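Below is one structure, written out as structure tokens; the observations come after it.
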Amino acid sequence: MLTFNGSFFMPSVFTLVGIPGLESVQCWIGIPFCTMYVIAVIGNSLILVIIKKENSLHIPMYIFLAMLAATDMALSTCILPKMLGIFWFHWPEISFDACLLQMGLVHSFQGTESGVLLAMALDRYVAICNPLRHATVFSQKLLTHLGVGVTMRSAILSLPSLLLIKCRLKLYQTTVISHSYCEHMAVVKLAAEDIRVNKIYGLFVAFAILGFDIIFITMSYVRIFVTVFQLPQKEARVKAFNTCVAHICVFLPFYLLAFFSFFTHRFGSHIPPYVHILLSNLYLLVPPFLNPIVYGVKTKEIRRHVWKMFVSSPNS
């Protein structure tokens, strides 16, 4: 590794600290993190198997749920194995290219998850506000286009962030990343060069994906609530609202943790680093852990098929 006036020139390896200030207890923090990851993988795998196996669940709501489950598993798998390597086995090194790959995958899957949550909100909007057109609007062709679209959008918008780091930033003040995974701003802040372009593009991507999606999700639910409260029968209002509860319980923690993590990394200099890093980790681990539990509890069809899979006898 070359050095120039105390700076590192195009380092080949970075060192991930883990959780700054909590290094002595990281081995214990790894236990609940690992537990959440195992539950997330098992729960989301069950959802995928059930939806694939049951033809009655091959409808937009459950196809979007399958997309969400697959994205959740991929997102948590991008960070957890390396994180546990830091916490339990003291393997903090990561190559420059592997760091960029992890960064690209994490931000791509974050954007994909946000896009899937938006698609689920639009599905609920059409199902409740215009039920007679739901089957026509959400055709198989549209579902395919939405799946490809949200995946390509996040990948295309994330790629320039990696190229700006790879091509523009050559000198680094240090190779020690005060984080437990390769987060965009955590890496950019190591540079000994002008990083304004990187910061501006990072803000643009965040608002182009998360900002855009949360605005349209909010607008969808405003229309949904207006329509629900105009229904004449209380039973109809309760039934319509119950179809949205699981989705609300899923997207609220995702966006709250996302925006807290995003803004504290840029403007929260007064917040202790370990608080930010812990919440940043939970932002990537809690939704994949929580989503299958929420949908398993709140969705009757998923709950019934899980019960049938594990409790019913083969001959029943």
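The values are calculated or read from the model by the stated rules, or taken from the named source; none is laboratory data. This one's a predicted model, so the numbers in the text were calculated from it and none came from an experiment. Every residue, glycine as well, gets a Cβ built from its backbone with ideal geometry; the counts of neighbours run over all protein chains shown. All accessible areas refer to the heavy atoms of the entire protein, side chains included, with ligands and DNA or RNA removed. Shrake-Rupley method; radii C 1.70, N 1.55, O 1.52, S 1.80 Å.
A few remarks follow.
- Test: residue in region 260-276 that is open to solvent by less than 70 Å² (accessible area, probe 1.4 Å), assigned to a helix (DSSP H, G or I), modelled with pLDDT of 85 or more and of a type in the set (A, V, I, L, M, F, W, C): yes
- Of the residues in region 210-221, at least one is among the charged types (D, E, K, R) and farther than 25 Å from Ile94 by Cβ.
- Taking first residues from region 292-316 that are closer than 22 Å to Val38 by Cα and partners that are at pLDDT 80 or above and not in a helix (DSSP H, G or I), the Cβ contacts under 9 Å between residues at least 6 apart in sequence or on separate chains come to His305/Glu54.
- Matching entry among Val187, Val222 (being aliphatic (A, V, I, L, M) and open to solvent by 40 Å² or more (accessible area, probe 1.4 Å)): Val222
- The criterion of at least 1 residues that are free of Cβ contacts under 8 Å to residues at least 12 places away in the same chain is met, among strands (runs of 3 or more DSSP E) falling completely within region 1-88, by 2-4.
- Criterion (of a type in the set (Ser, Thr, Tyr), open to solvent by 50 Å² or more (accessible area, probe 1.4 Å), farther than 30 Å from Trp307 by Cα and in contact with a helix residue (DSSP H, G or I) (Cβ under 8 Å, 6 or more places away or on another chain)) met by exactly one of Ser108, Ser12, Ser56, Ser24: Ser12
- Exactly one residue among Ile248, Ile200 is within 30 Å of Pro32 (Cβ to Cβ), out of contact with any strand residue (DSSP E or B) (no Cβ under 8 Å at 6 or more places or on another chain) and either of a type in the set (Gly, Ala, Ser) or in a helix (DSSP H, G or I) (or both), and that residue is Ile248.
- The residue that is surrounded by the fewest Cβ atoms within 10 Å (Cβ to Cβ), counting only those in region 161-179 that are within 30 Å of Ala119 (Cβ to Cβ) and under 21 Å from the mean Cα position of the chain (by Cα), is Leu162.
- Selection over region 111-156 of residues that are in contact with a helix residue (DSSP H, G or I) (Cβ under 7 Å, 6 or more places away or on another chain), of a type outside the set (A, V, I, L, M) and open to solvent by less than 50 Å² (accessible area, probe 1.4 Å) gives a count of 12.
- In region 181-239, the qualifying residues are those that are over 30 Å from Ser76 (Cα atoms) and small (Gly, Ala, Ser), and the one that is modelled with the highest pLDDT is Ala192.
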